């Protein structure tokens with residue numbers, strides 16, 4: 001259930017309910033109702049919650065861990081909102097990982 005998921009996500013990030021409610025621009029009492037399962041969030045709010053936690057909407061609603069490609073796609077959407085210097089840092093990390101993988105493969109071929 002979505003209420004269990006949003007509570008799990010909040011606790012895993014060591015946030016309190018007021019912090020999350022403020023970030024989502026909703027009343028704390030409303031957020032508490034979502035976590036308790038007394039009220040279901042509207043679709044727009046579900047989208048906001050998923051975006052806030054950086055998860056796929058299906059993961060939020062169904063509690064299913066997305067596959068690696070779904071995770072990458074949801075992170076790419078979030079990366080799009082970063083500052084240019086943060087994006088450049090991510091590019092450098094990706095290039096470093098690719099370069100490392102290429103070196104490993106080349107070493108295997110030469111051995």
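Miscellaneous remarks
- For residue 38 and residue 61, the difference between the fully extended length at 0.36 nm per residue and the C-alpha to C-alpha distance is 6.7 nm.
- Cα gyration tensor of region 68-110 - equivalent ellipsoid semi-axes, whole Å, descending: 27, 14, 4
- Debye log10 I(q)/I(0) for the chain, one point scatterer per Cα, at q = 0.11, 0.12, 0.13 Å⁻¹: -0.48, -0.55, -0.61
- Per-pair calculated FRET efficiency, R0 = 35 Å: residue 8 and residue 102 via Cβ, rounded to 0.05: 0.40
- The C-alpha atoms of the chain define a longest principal axis, and helix 68-79 lies at about 80 degrees to it.
- Alpha-carbon centroid distance for the pair region 57-111 / region 1-44, whole angstrom: 28
- Peptides 32-45, 52-65 ordered by average Cβ neighbours within 10 Å, highest first: 52-65, 32-45
- The calculated FRET efficiency for residue 84 paired with residue 52, based on their beta-carbon distance and R0 = 22 Å, is about 0.45.
We did not get these values from a lab; they are worked out from the coordinates using the rules stated. Note that this is a predicted model, so its numbers are computed, not measured. In this analysis, Cβ positions are derived from the backbone assuming ideal geometry, glycine residues included, and neighbour counts consider all displayed protein chains.
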